[in-house]
Amino acid sequence: MTHTIKSAPCLLALLIVAASGVACHDAYDALFLDPDKSTTARIEYLFTQELIDADFPIHYGEWYWQVYNNVAAWAQVSGTVNDVNMMRPVSDQWQNTWTDYYTKTAMDIREIAGIYDTLPQDQKASYEVYLHLGKIVNAFTTARTTDLWGDMPYSEAFTARQTTGRNLFPKFDTQESVYDAILKDLKDASDALRTLTAVHSALATQDLLLKGDLVGWRRFANSLRLRLALRLSEVAPTKAQPIVLEILADPTTYPLVETYTQNIAWYMDRTWTYDHNSLGNRSRATSELPNKVWAPKVMLDMMVATNDPRLPIVFDRAFDSARSYVGLPSSPDAQPATVDSAHFSRLNAAMFRNNDNFPGWVMTAAEVAFLKSEAYMRGWATGNAKAAYDAALRLSIEMYDSTYNRNTRASDVAPPSDSVVNAFINDAAVAYNGTLERIATQKWIHLGIVQPYEAWAELRRTDYPVLPPALIGGRLLERTVRIVYPSTEITNNSQSYEAVRAKDTPTTRVWWDVK
Amino acid sequence: MFSDAFRLPAQISSGKLRVNYADVGRGGPRYLANHVYSFSTWDGGITVNSFSTTVPPLSLKPEHKFETEVGLEMGLFDERWHVDGSFYHQRNVDQIIPLAVAASSGATNLVVNAGVMTNTGQELQLSGFPIRKSDFEWSTTVNVARNRNQISSLAAGLQTLVLQNFEDNLFVEARPGQPFGDIYGYDFRRAPSGQKIVDQNGFYAKSDTLSLVGNIMPNWLGGLSSTFRYKGVSLSLLFDLRLGGQFASMFDYYALATGRAKETLFGRDQAHGGLPYYIDAAGNYVRLPSHDAIAPNGTTVYHDGIILPGVKQVFDASGNVVGYLPNDKLVPEWEYYETNFDWKTQGIYTQVVYDNNYIKLRELTLSFDLPAAWTRHVPARNLRLSLIGRNLFYVYKTVPNIDPESATSTVDYRQGLNDYGAYHPTTRSLGFKITGSF
């Protein structure tokens with residue numbers, strides 16, 4: 001009892017101090033920190049967060065909405081039951097993509113750079129590696145963002161967490177200047193990694209993508225730079241060609257992703273949390289959207305006609321008595337009232353719907369080989385376009401096969417025999433013929449629903465394959481070729497938005513889409 | 001007491017004029033000003049650091065409320081009647097708010113001192129005894145209050161502060177020059193005549209732009225209490241009144257979407273006004289002349305067709321709208337609810353913004369004073385037995401299906417909305433009470 005009475009004045013004093021703490025005087029700030037959080041962060045921990053935020057495997061909600069409800073239908077990489085709204089972007093969902101990019105993914109590298117600047121000199125050498133790897137990831141996510149929206153705030157963006165020089169109303173930069181910036185970042189990062197002398201000891205643990213394999217990171221950077229340079233083939237060939245040449249002429253300085261084992265992928269351990277592994281994202285969305293995961297008619301018909309060895313692991317047969325492959329046309333007018341699995345094929349269930357081990361493919365050797373083939377075909381670098389194209393097809397078959405066999409819930413399929421693969425590569429409708437249409441069409445099949453954002457971007461750049469128009473009641477539904485800016489950006493950055501307002505429609509092409 | 005200072009007419013037995021001025025300061029929630037990182041562990045035991053997309057303040061002042069109140073109290077007819085009227089004006093400055101900013105700045109919100117909001121209101125209360133006799137007495141109190149609110153300014157460059165966002169389709173906002181708590185949503189698309197446009201599929205078309213569809217704050221609040229006493233029996237009634245403002249009922253949205261609300265009965269079958277139709281080979285819904293009609297080739301006849309009231313657009317060859325005709329497209333009733341009450345896509349959330357007016361019998365008390373003769377063995381005096389009922393029923397309400405007081409909260413903007421977790425109605429309580437003195 002006496003004890004309680006004695007401590008009462010102390011308690012009272014404590015209460016008074018606590019109450020005055022809310023005045024936010026600097027001196028009190030230090031006394032009243034949230035005990036569950038920290039005022040400092042570590043670069044290596046932020047780097048892992050950046051990799052996670054980059055969302056390489058694409059998370060469940062984005063598969064559900066942005067991919068299966070929009071991009072898959074627009075790029076016809078999945079057969080979707082469509083109506084009058086098929087060309088309408090699910091705007092509020094795209095707003096999440098935009099916001100996550102600006103406030104998380106892209107901020108992680110800025111935060112890393114800020115902390116790096118304050119490091120003691122003796123630590124800078126070993127931590128430097130994170131700056132370069134962070135830039136590569138940033139180039140990847142920035143390219144994905146600008147390919148969706150076109151012009152975007154970039155040079156003046158990302159300042160909200162700064163204590164000085166905050167700009168809450170960043171201007172919209174042209175897509176060209178955004179591309180210039182990230183192409184330069186990729187070259188700088190690749191060059192810097194080549195000559196780096198010290199590497200932070202935690203990198204191998206924290207690097208969830210490549211386990212600290214710096215040659216792998218250089219391959220990623222160079223392959224991404226090649227991809228982005230060729231994206232400019234139609235709008236700025238004079239800018240693109242020297243970049244392509246620089247990379248392809250010097251494989252020692254600029255190694256690329258060239259073999260199956262060099263593929264860049266986000267491998268999700270099956271022991272990971274449901275939300276973090278392939279069952280919780282791609283497979284979940286695929287199984288929840290039975291009407292968005294039919295076999296797209298154009299792609300399926302091509303694969304059937306050419307005896308594509310990937311056909312049985314990409315699509316299931318219809319359940320009719322003939323067990324046939326039947327694709328769903330994309331145009332609402334061409335779709336029957338009842339679309340059911342008796343009459344139509346779906347995406348292969350073991351591959352896409354039940355796959356507990358589907359990696360998030362980031363950059364594949366097959367895609368790089370297609371890029372090389374196109375560069376040689378254009379005469380932008382010296383090399384055998386046909387050999388690169390054939391290699392691309394073989395690498396793609398290998399990648400699809402292995403992706404299927406990673407599934408632990410389905411029995412493995414044997415790889416197709418050489419004779420089957422050769423017959424496919426030499427099929428009259430597949431064999432290299434020196435045209436962009438041939439390369440782009442096969443690349444579209446390769447990227448497909450595995451890398452839907454890339455499939456859509458390349459379709460917009462090349463306009464191949466030629467897809468049938470979407471009609472409803474005989475009326476044409478104009479194709480969506482970009483995403484409109486999110487309403488939060490329009491509301492909260494209205495002055496800057498005025499400069500791009502006129503271009504902000506789903507049917508206005510982005511800068512590189514001139515064909 | 002101006003009745004002490006001035007000589008007043010005989011009817012005014014007392015009078016008081018009061019004037020108040022106050023400046024009330026308030027800090028923000030604790031840890032608000034911390035610039036911090038979270039630690040968490042990714043699968044496989046890998047540590048990660050992350051940070052909030054709300055940026056803490058660089059410097060923060062307490063917010064202030066400056067309030068001026070002028071009130072007049074008067075007792076009339078020998079204090080049999082009392083009148084109390086007041087007028088107030090509040091000016092809230094430096095409000096601590098998580099300001100929404102463009103994501104391109106690198107954050108979704110900044111915590112700042114921003115915004116000036118004013119409240120102006122009047123309150124009037126009249127109480128007294130309409131009847132006061134020795135055996136019978138009727139006392140009553142009537143009060144009405146009105147509050148007008150305006151956002152004078154938000155932070156520089158800020159055009160709106162979103163207070164609540166329902167599935168990116170319905171927003172409660174504060175916009176400068178507007179009252180606090182305006183509701184914006186994507187409404188029906190309408191023809192120039194104001195009629196709802198029905199799309200090619202036979203469902204209501206949804207607007208691409210936000211429109212103002214209401215405000216969650218009330219215009220008038222009032223109460224009426226009366227007590228009737230006859231000898232030892234008394235009856236008290238308390239009514240609450242609310243007029244003006246709207247309520248956004250997410251509960252109702254999903255009750256409609258899933259067919260659980262009674263409004264969805266219409267059209268469900270022949271008995272509820274459903275129209276007969278069959279589905280042809282191309283998948284079109286084809287209306288039949290009667291419920292007894294037989295569809296071609298013995299196709300199944302359905303009886304749950306409806307034709308939504310509205311107009312359809314007429315297009316010319318190049319796809320321009322050249323006119324409107326009454327909608328004649330039949331759709332199954334269930335498909336209408338699946339479409340126009342859908343999660344986000346085609347769901348028109350403004351349909352569940354209802355006017356929020358009500359009169360509620362808040363409390364009823366019936367009391368008996370037990371005669372002293374009955375209780376002479378009880379060691380207590382003035383024994384009184386009361387039956388009390390609270391939250392009894394609404395005499396009148398405009399929000400369907402739910403109790404408008406089952407809001408997310410009873411304060412600020414949340415009083416005018418509910419979400420999915422907070423729709424339990426307020427409970428009715430019945431009780432009795434014995435009081436006495438010793």
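Below is a table of values for the structure above.
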item: Near pairs, Cβ below 6 angstrom, 6+ apart or cross-chain, from region A:156-181 (touching a residue at least 60 places away in the same chain (Cβ under 8 Å) and facing another protein chain (nearest Cβ under 8 Å)) to any residue that is among the β-branched types (Val, Ile, Thr) and in a loop (DSSP other than H, G, I, E, B); result: A:Leu168/B:Val101
item: Answer residue from region B:52-77, given it is crowded, with 18+ Cβ neighbours inside 10 Å and at the interface with chain A (Cβ under 7 Å from one of its Cβ atoms) and is modelled with the lowest pLDDT among those; result: B:Leu60
item: Hey, A:Val81 open to solvent by 20 Å² or more (accessible area, probe 1.4 Å) and either at pLDDT 55 or above or more than 13 Å from chain B (Cβ to nearest Cβ) (or both) or not; result: yes
item: A:Pro170, sole failed condition from (1) under 28 Å from A:Ile243 (Cβ atoms); (2) touching an Asp or Glu at 6+ places or on another chain (Cβ under 6 Å); (3) open to solvent by 10 Å² or more (accessible area, probe 1.4 Å); result: (3)
item: Subset of region A:84-110 [over 17 Å from the mean Cα position of the chain (by Cα) and either more than 13 Å from chain B (Cβ to nearest Cβ) or modelled with pLDDT under 95 (or both)]; result: A:Val84, A:Asn85, A:Met86, A:Met87, A:Arg88, A:Pro89, A:Val90, A:Ser91, A:Asp92
item: Close pairs from region A:267-294: first outside any helix (DSSP H, G or I), partner modelled with pLDDT of 95 or more and hydrophobic (A, V, I, L, M, F, W, C), Cβ under 6 Å, at least 6 apart; result: A:Ser278/A:Phe358; A:Val293/A:Leu347; A:Trp294/A:Leu328; A:Trp294/A:Phe344
item: Close pairs from region A:460-476: first within 14 Å of chain B (Cβ to nearest Cβ), partner hydroxyl-bearing (Ser, Thr, Tyr), Cβ under 6 Å, at least 6 apart; result: A:Ala470/A:Ser331; A:Leu471/A:Ser331
item: Index of the failed condition, A:Ile313 passing every other in (1) open to solvent by 60 Å² or more (accessible area, probe 1.4 Å); (2) within 30 Å of A:Ser419 (Cβ to Cβ); result: (1)
item: Count - residues of region A:128-150 that are within 14 Å of chain B (Cβ to nearest Cβ) and either hydroxyl-bearing (Ser, Thr, Tyr) or open to solvent by 20 Å² or more (accessible area, probe 1.4 Å) (or both); result: 5
item: The one condition in (1) modelled with pLDDT of 95 or more; (2) more than 23 Å from A:Leu300 (Cβ to Cβ); (3) of a type in the set (A, V, I, L, M) that A:Val421 fails to fulfil; result: (2)
item: Enumeration of residues in region B:306-350 that are under 16 Å from B:Asn284 (Cβ atoms) and surrounded by fewer than 15 Cβ atoms within 10 Å (Cβ to Cβ); result: B:Asp328
item: Residues (under 30 Å from B:Leu387 (Cα atoms) and open to solvent by 60 Å² or more (accessible area, probe 1.4 Å)) located in region B:206-228; result: B:Leu221, B:Leu224, B:Phe228
item: Verdict on B:Val111 being more than 8 Å from chain A (Cβ to nearest Cβ) and surrounded by fewer than 17 Cβ atoms within 10 Å (Cβ to Cβ); result: no
item: Selection count where residues are outside any helix (DSSP H, G or I), at pLDDT 95 or above and open to solvent by less than 30 Å² (accessible area, probe 1.4 Å), scope region A:336-356; result: 4
item: Failed item, numbered, when A:Val420 is tested on (1) touching a strand residue (DSSP E or B) at 6+ places or on another chain (Cβ under 8 Å); (2) open to solvent by 20 Å² or more (accessible area, probe 1.4 Å); result: (1)
item: Region B:263-305 - residue that is closer than 17 Å to B:Asn340 by Cα and free of Cβ contacts under 8 Å to residues at least 60 places away in the same chain and, of those, surrounded by the fewest Cβ atoms within 10 Å (Cβ to Cβ); result: B:Leu265
item: Qualifying positions in region B:150-177 - open to solvent by 40 Å² or more (accessible area, probe 1.4 Å), within 14 Å of another protein chain (Cβ to nearest Cβ) and within 26 Å of B:Gly121 (Cβ to Cβ); result: B:Val162, B:Arg175, B:Pro176
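The values are calculated or read from the model by the stated rules, or taken from the named source; none is laboratory data. Being a predicted model, the structure only gives us computed values, none of them experimental. Here Cβ is always computed from backbone atoms with ideal geometry, including for glycine, and neighbour counts include all displayed protein chains. Note: areas computed on protein heavy atoms with side chains; ligands, DNA, RNA excluded. Shrake-Rupley method; radii C 1.70, N 1.55, O 1.52, S 1.80 Å.
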